[in-house]
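The values are calculated or read from the model by the stated rules, or taken from the named source; none is laboratory data. These numbers come from a predicted model, not from an experiment. Cβ placement follows ideal geometry from the backbone for every residue including glycine, while neighbour counts extend to all protein chains displayed. Only protein heavy atoms, including side chains, enter the accessible area calculation; ligands, DNA and RNA are left aside. Shrake-Rupley method; radii C 1.70, N 1.55, O 1.52, S 1.80 Å.
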Amino acid sequence: MTHDEPEGSELPVSDNPRIISRSAYDITPLSEERVRELASRLDPEAYRVTQKAGTEPPFCGNLLDNKKEGIYCCVVCGLPLFSSEHKFTSGTGWPSFYREFDPQHVRRVEDRSHGMVRTEIECARCGAHLGHVFDDGPKPTGERHCLNSASLVFYEKGAELPPESRPIKTEVAYFAGGCFWGIEHYFQKGPGVINAVSGYMQGNTENPTYKDVCYKDTGHAETVMVVYDPTRITYRRLLEAFFDMHDPTQLNRQGPDVGTQYRSGIWYVSEEQREQAEAYIRQLQESGKLRGPIVTQVERAKTFWPAEDYHQDYIAKTGRACHVKDPW
Ligand SMILES: [Zn+2]
């Protein structure tokens, strides 16, 4: 199979690609100069906390009792760091969260100051000191991120966010190629792929579980949602990778896995995707490189239902071998 792009679809090549988090924010570390410039605009308390690792007195911060829905961003650079969804009342006097907005947005650093060993948390983009994380928090993480209000700026749900607090523009594609573990694993490695998530699609029930899909004939296919940066990778390149990763001539099975949940499918979100998928399938079929007819279904995408947490990043977490071929 060739990986030639159609004429005119060359993507710009950058020597210094941005680092994009899995929630689609630009987390490329800012230069010291840029951080100094941003920090010079802070009020004295925010400056002391974020730049000098200061701690505000307990029960004083303005966000301690904030119960509104929204996101908490870095007061220096604007990166979203925590969400109201994960805030809880810890009784410590500082705003507390049991998890980050995105783990890639908050960096952990060992802190041996004041004769203790603690884990300091910093903004991953600008290095602002935020507070500390402790292991005495509530379920499901058991963690307590202990924040200084002065390190955060809160935006209520629905409020317009400044550009530095918004995600980059992304597009989404859906592929079903048998067991989602391996397909997700390799899509996640694609240059320009921001996030790959395992889930279920094109079935007849809502919120299906893995057991429903395997034993109850719900009609869902194991599907991988691919969120990508269209300035770095094309839909065409994703199609090529998809067909490299699985055997599109096998009907309702892939390797050892048999059943309609393992069917081969492309679930398109636009007419443009549909046309590209159908054209690529025709081209691949006519190339004579496959042993039989392509049985891949091409259908308009229905609702994507994310799979259970234990299915996400399964290969990366377990180190299990996978029969899927690396397409990159
Ligand atoms: Zn920051």
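Would any residue of region 264-297 have its amide N under 20 Å from a label point 7 Å out along Cα→Cβ of Lys216? List them or say none. No residue passes the distance filter.
Would you mind getting me the FRET efficiency between Thr303 and Glu275? Use the beta-carbon distance for r and R0 = 30 Å, nearest 0.05.
Details: r = 23 Å, r/R0 = 0.76.
Between Thr303 and Glu275 the formula returns 0.85.
In the chain, taking the dipole from charged Cβ atoms about the Cα centre, the farthest positive-side position among Asn252, Leu79, Ile233 is held by Asn252. Across the chain, the volume of the C-alpha convex hull divided among the residues equals 168 Å³ per residue. Think of it this way: in the chain, Cys60, Cys73, Cys146, Cys179, Cys214, Cys322 stand alone, with no other Cys Cβ under 4.7 Å.
Using 0.36 nm per residue of separation minus the Cα-Cα distance, give me the extension gain between His323 and Thr89 in nm, one decimal. Before the final figure, lay out each step's value.
Values: separation 234, 0.36 × 234 = 84.24 nm, distance 4.63 nm.
Additional length available on full extension: 79.6 nm.
For a paramagnetic label modelled at 7 Å from the Cα of Leu161 toward its Cβ, which residues of region 70-88 fall within the zone defined by backbone nitrogen distances under 19 Å? Answer for region 70-88: 70-87. Helical runs (DSSP H, four residues minimum) scored at -39500 (n - 2.57) apiece and divided by the length of the chain put the mean residue ellipticity at 222 nm at -5500 deg cm²/dmol.
Counting only other residues whose beta carbon sits under 12 Å from that of Gly255, what net charge do I get with K and R as +1, D and E as -1? Here the count lands on 0. When +1 charges are put on Lys and Arg Cβ atoms and -1 charges on Asp and Glu Cβ atoms, the dipole computed for the chain relative to its Cα centre reaches about 520 debye.
Out of the total accessible area of region 171-318 (probe 1.4 Å, heavy atoms of protein only), what percent is carbon and sulfur? Don't skip to the end; give the middle numbers.
Working: 3150 of 6480 Å².
Ligands and nucleic acids excluded, carbon and sulfur reach 49 percent.
For the pair Asn204 and Arg18, a Förster radius of 41 Å applied to the C-beta separation gives a FRET efficiency near 0.50, rounded to the nearest 0.05.
Each of Ile19, Cys322, Thr141 was placed along the dipole of the chain (beta-carbon charges, centred on the mean Cα), and the one lying farthest toward the positive end is Thr141.
I'd like the carbon and sulfur percentage of the solvent accessible area for region 32-164, probe radius 1.4 Å, heavy atoms only, ligands and nucleic acids excluded. Each step should come with its number before you reach the end.
On the way: 3450 of 6990 Å².
Within region 32-164, the accessible surface is 49 percent carbon and sulfur.
Solvent-accessible surface of region 145-260, averaged per residue with a 1.4 angstrom probe and all protein chains in place: 39 square angstrom. Packing around the peptides 217-230, 282-295, 262-275, 95-108, taken as the average count of other Cβ atoms within 10 Å per residue, puts them in this order, highest first: 217-230, 95-108, 262-275, 282-295. Taking amide H as placed 1.01 Å from N in the peptide plane, the amide H of Asn195 sits under 5 Å from that of Val227, each at least 5 places away or on another chain. Calculated over region 32-164, the projected area of the Cα convex hull averaged across directions stands at 8.0 nm².
In nm, what is the difference between 0.36 nm times the number of residues separating Asp43 and Asn62 and their Cα-Cα distance?
Values: separation 19, 0.36 × 19 = 6.84 nm, distance 1.41 nm.
Once the chain is fully extended between Asp43 and Asn62, it gains 5.4 nm.
In this structure, the pairs whose alpha-carbon distance is over 18 Å, taken from Lys189/Lys289; Lys68/Lys169; Lys189/Lys325; Lys68/Lys139; Lys157/Lys302; Lys67/Lys157, are Lys189/Lys289; Lys68/Lys169; Lys68/Lys139; Lys157/Lys302.
For region 143-201, which trypsin sites (Lys or Arg not before Pro) pass both filters: DSSP loop (anything but H, G, I, E, B) and at most 14 other C-beta atoms within 10 Å? Before the final figure, lay out the partial values.
Working: sites: Arg144, Lys157, Lys169, Lys189; in loops: Lys157, Lys169, Lys189.
Of the trypsin sites (Lys or Arg not before Pro), the ones in loops of region 143-201 whose Cβ has at most 14 other Cβ atoms within 10 Å are Lys157, Lys169, Lys189.
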